[in-house]
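Taking it in order: structure first as structure tokens, then the write-up.
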Amino acid sequence: MILALLVAAGFTHPSVQPPPDLPPSTYRERRERVMKELGGCATALASQGDPVGVVQEYRQDGHFLWLTGVDEPGAWIVLLPKGKYSRHVLYLRPRDPEAERWTGPRDPISPALKEKYGVDEVRRGDGGTRLLGVAPSHDCVAILAPAQDLKDERNDVKALRQAAGALGLKLVYKRDLLDRLRSAHPPEEVARLERAVTITRAGHQAAARATVPGVSERDVQTQMEYAFFAEGATGLAYGSIVGSGENGAVLHWAQNSRILRPGDLVVVDAGAEYGRYAADVTRTYPVSGKFSEEQAKVYRAVYQAQEDILAAIKSGISMSDLQKAAEDSLRRAGYLDKFIHRFGHFVGLDVHDPGLYDAPIPEGAVFTVEPGVYLQERGFGVRIEDEVLMLGNGKWRLLTAGFPRKLEDVEAWVASARR
């Protein structure tokens, strides 16, 4: 008991602060940008998903969170571009005093709640009913929600279609609008994304130190994730992937159960979340501290593919154009058939954030560059994943420049971390 107390007394707890909430004006400005592109049509968007687990966990739909800042289920936002006094109307689910004894109190309807979310009205209930009152000030309604499947059974989509039919209004489809707007991040979002990357670097440094013979993939994961939270992470951007040996050739290896062996490569794909904004970084670490000749050949091919993708970035380039650059590079290296995924994706509130892949990449977009080669038959895989911020005039900045990428730099980082 005394020994335990002495150990605990010597333990240094990290002192971190959660990020401040974005101001209500940020969300109101986003909604105004949406309404400018609706051609005067009214619209509604409902939060998606339900809390799960005995201790309820809820992750807000990215589109709804981006528009409102509201992080609870059962909410609606109704936008009325031609409304005289109420253009932003938020609906929240009814309060339940018994449920709140289990999950915590919720704010009552008040002027303060309107100010908190930057809306003109806050009501309780189903926001779809508000659509019955949009005529005659609005002659159309617009669907914002992305199509998830051919059934298209989202509650907000059904409400908009029913309102259009009941009121004789034109139905307009704006289903890529939020994808387009969300992919261009203003400075306050970029700052959070950069902070997530900085936190993630601390975790990967812990992983570089931990990838030694005799430990489990799970041990590497736990040490890395502790470093994330010690540096101020507010969550994990996704489930951490730690794939050693042949597991490194499995893209989304989730079991993290294998024991690391001398000569293994370990593919560590993991990112922290900061204020809901995600990071996504992959590095490949040699357990023995050095890459073998065969491993080095593959690593250099993947690194060159990254370099070729980055060199192709210019004004007007699309994600699809960069995919071709990745494929061309790995074809020249003789590994195209072992490259089995896209070169990258957009990053933001969600680790796989929405965006338009055939349109020019907008200024402010953040996306990954993650070529990989997977040799299951040889017992290893290699992936290098970095994040790029698109600047104006075709310029760009590597947000993950603080991570080593070159083979020799990775080996030096591993050696330094393990001293």
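A compact table of results
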read-out	value
Residue order for Glu115, Glu307 - accessible surface, 1.4 angstrom probe, largest first	Glu115, Glu307
Nitroxide proxy distance, nm - points 7 Å out along Cα→Cβ at Ala312 and Lys290	3.5
Semi-axes of the equivalent ellipsoid for the chain, Cα gyration tensor, largest first, Å	43, 28, 18
Sorted peptide list for 131-139, 242-250, criterion being average Cβ within 10 angstrom, highest first	242-250, 131-139
Arg342 - accessible surface, heavy atoms, 1.4 Å probe, Å² rounded to 10	100
Shape call, segment 325-419: gyration tensor on alpha carbons, a/c limit 1.5	oblate
Charge context of His185, other residues only, Cβ under 10 angstrom, K/R +1, D/E -1	-2
Dipole of segment 212-366, positive end: most advanced residue of Ile317, Gln221, Ser244 [Cβ charges, Cα centre]	Ser244
For segment 220-294, convex hull volume per residue from C-alpha positions, Å³	90
Principal axis dimensions, segment 270-374 - Cα atoms, whole angstrom, descending	40, 31, 20
Reachable lysines, given that their alpha-carbon falls under 27 Å from the alpha-carbon of Lys151 and they are not under 8 places away in the same chain	Lys170, Lys174
Ellipsoid semi-axes in whole angstrom, largest first, where each is sqrt(5λ) of the Cα gyration tensor of segment 267-314	25, 19, 5
Accessible surface ranking that places the most exposed of Thr26, Thr222 first, with a 1.4 angstrom probe	Thr222, Thr26
Gaussian network model of the chain, springs between alpha carbon atoms under 10 Å - residue of Ala208, Ala112, Ala42 with greatest fluctuation	Ala112
Carbon + sulfur, % of accessible area of segment 76-162 - ligands and nucleic acids excluded, 1.4 Å	53
Volume per residue of the C-alpha convex hull in segment 61-169, rounded to whole Å³	121
Probe 1.4 Å, accessible area per residue of segment 72-207, Å²	50
Carbon/sulfur fraction of accessible area - segment 288-355, other protein chains in place, 1.4 Å, %	49
Potential lengthening between Ser257 and Lys114 on full extension [0.36 nm per residue; Cα-Cα distance subtracted]	46.6 nm
Loop sites in segment 138-209: GluC sites (Glu not before Pro), DSSP, at most 12 other Cβ within 10 Å	Glu153
Antiparallel DSSP beta bridges within the chain, as percent of all bridges there, nearest 5	80
Charge dipole of segment 137-210 about the Cα centre (unit charges at C-beta), most positive-ward option of Val190, Ala159, Thr200	Thr200
Relative contact order of the chain, defined on C-alpha pairs under 8 angstrom at six or more residues apart (%)	14
Net charge, Val212 excluded, C-beta distance under 15 Å - Lys, Arg +1, Asp, Glu -1	+3
GNM flexibility winner over the chain from Pro111, Pro262, Pro97 (Cα, springs under 10 Å)	Pro97
Residue-level accessible surface for Ser110, protein heavy atoms, 1.4 Å, Å²	40
GNM top mover of Leu322, Leu22, Leu92 - the chain, alpha-carbon springs below 10 Å	Leu22
Alpha carbon convex hull of segment 1-146, volume per residue in cubic angstrom	165
Of all DSSP beta bridges in segment 3-148, antiparallel share, percent nearest 5	60
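The values are calculated or read from the model by the stated rules, or taken from the named source; none is laboratory data. The model shown is predicted, which means the values in this text are computed figures rather than measured ones. All Cβ positions, even for glycine, are placed from backbone atoms using ideal geometry, and neighbour counts span all protein chains on display. In case anyone asks, the SASA skips ligands and DNA or RNA and just uses the protein heavy atoms, side chains included. Shrake-Rupley method; radii C 1.70, N 1.55, O 1.52, S 1.80 Å.
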